[in-house]
1. Can you name the number of the only condition in (1) in a loop (DSSP other than H, G, I, E, B); (2) closer than 22 Å to residue 269 by Cα; (3) touching a strand residue (DSSP E or B) at 6+ places or on another chain (Cβ under 8 Å) that residue 201 fails?
2. Within the range 137-152, which residues are part of a loop (DSSP other than H, G, I, E, B) and at negative phi?
3. Would the range 200-208 turn up any residue that is closer than 21 Å to residue 40 by Cα, of a type in the set (D, E, K, R) and without any contact (Cβ under 8 Å) to a residue 60 or more places away in the chain?
4. Which residues, taken from the range 32-46, are crowded, with 17+ Cβ neighbours inside 10 Å and out of contact with any helix residue (DSSP H, G or I) (no Cβ under 9 Å at 6 or more places or on another chain)?
5. Working only within the range 1-21, note down all residues that are more than 16 Å from residue 82 (Cβ to Cβ), touching a strand residue (DSSP E or B) at 6+ places or on another chain (Cβ under 6 Å) and of a type in the set (D, E, K, R).
6. Quickly run through the range 170-198 and pick out the residues that are outside any loop (DSSP other than H, G, I, E, B), of a type in the set (Gly, Ala, Ser) and in contact (Cβ under 8 Å) with a residue 12 or more places away in the chain.
7. Within the range 278-286, does at least one residue satisfy the condition of being of a type outside the set (S, T, N, Q), free of Cβ contacts under 8 Å to residues at least 24 places away in the same chain and assigned to a helix (DSSP H, G or I)?
Amino acid sequence: GRALHRKQITAAKGSLKILDSLPPFARNGLFAKPGRYDVWVRLSNGGMDKASDKAPDVRGSALRVWGVEGDSALGNGPASSQDFALINHEQFAFPRSDEFVEFVMAAATGPAAMVKHMARRYGALGALGRLVQTVRTFGRPFGGFATNPMYSAAPIACGAYAVRVRLLPAPANGAAVQGGSSDWGTEFAARLQKGDLVWELQLQPYVDEKTTPIEDASVNWPTPYTTVAQLTVPMQALDADGEWAQQVEAAVFDPWQALAAHRPLGDVMRARKVVYFESQKGRGAA
């Protein structure tokens, strides 16, 4: 299985409509001209195991946009897709990838090892602050995949510019679930039985290294978002255990599976390039 985001909640088919008359910073790569693309959507929990949906966790929404044209960010020929890996947190929990990797490795062996690691790395007071932050991060209320905004958290290129990405649900998707759910897949499928679900795909531009740093993914950028596309997941019957859902589960969703115009940027994204590939090889997807 995947190193993280192992539990696939469900998978759905959608389409992405690129809008016209975008500002210059956005009018690059996938967003260079109006068009419509088929999309695969994979919804997941962020953990290393397949825990109950009731358990506190980071939630993920991965998009694979098909039919793109242009060189690959990996430099291995034409891009086969433009992938977006999004989570329900606007910024990354750690400023650098090495801190995150060390945290994950310690947490994988149990809560006691995680606490010892934090005390060793940050000192007693620093560890307490980190533990509080971790509880807040994983315990943040989540109202459902149709109603919660999703974020790239780390930046990508947009031609000569740098941006972060947000997926903003339309109000018509309905109200957020209060108190969580024990089955987010069923909750999402029930909404799709009633009608289409829609999101705005938005870009947030880089300004300068102090305000919108590239290398420190824990800093939340204050710049405004601009809507560049509309994602629609049409009314459909979902089968979380069906053949197509299993095809999605076996597929690669990787921010480096992208157009060169949208190459990932910064320390966290460079680490992802290595870790995602090792994970893909480990499960036979590479």
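The values are calculated or read from the model by the stated rules, or taken from the named source; none is laboratory data. These figures come from a predicted structure and were not determined experimentally. All Cβ positions, glycine included, derive from the backbone under ideal geometry; neighbour counts span all protein chains shown. All accessible areas refer to the heavy atoms of the entire protein, side chains included, with ligands and DNA or RNA removed. Shrake-Rupley method; radii C 1.70, N 1.55, O 1.52, S 1.80 Å.
1. (1)
2. Across the range 137-152, the qualifying residues are 139, 140, 141, 142, 143, 145, 146, 147, 148, 149, 152.
3. Going through the range 200-208, the residues closer than 21 Å to residue 40 by Cα turn out to be 200-203.
Within this subset, residues satisfying the condition of being of a type in the set (D, E, K, R) are 200.
Those left that are additionally without any contact (Cβ under 8 Å) to a residue 60 or more places away in the chain: 200.
Within the range 200-208 (the criterion being closer than 21 Å to residue 40 by Cα, of a type in the set (D, E, K, R) and without any contact (Cβ under 8 Å) to a residue 60 or more places away in the chain), the answer is yes, since at least one residue qualifies.
4. 39, 44
5. 7
6. Within the range 170-198, 172, 185, 189 meet the criteria.
7. yes
Quick grid of which residues meet (1) open to solvent by 30 Å² or more (accessible area, probe 1.4 Å); (2) in contact (Cβ under 8 Å) with a residue 12 or more places away in the chain:
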{"position": "88", "(1), (2)": "no, yes"}
{"position": "97", "(1), (2)": "no, yes"}
{"position": "101", "(1), (2)": "yes, yes"}
{"position": "109", "(1), (2)": "yes, no"}
{"position": "141", "(1), (2)": "yes, yes"}
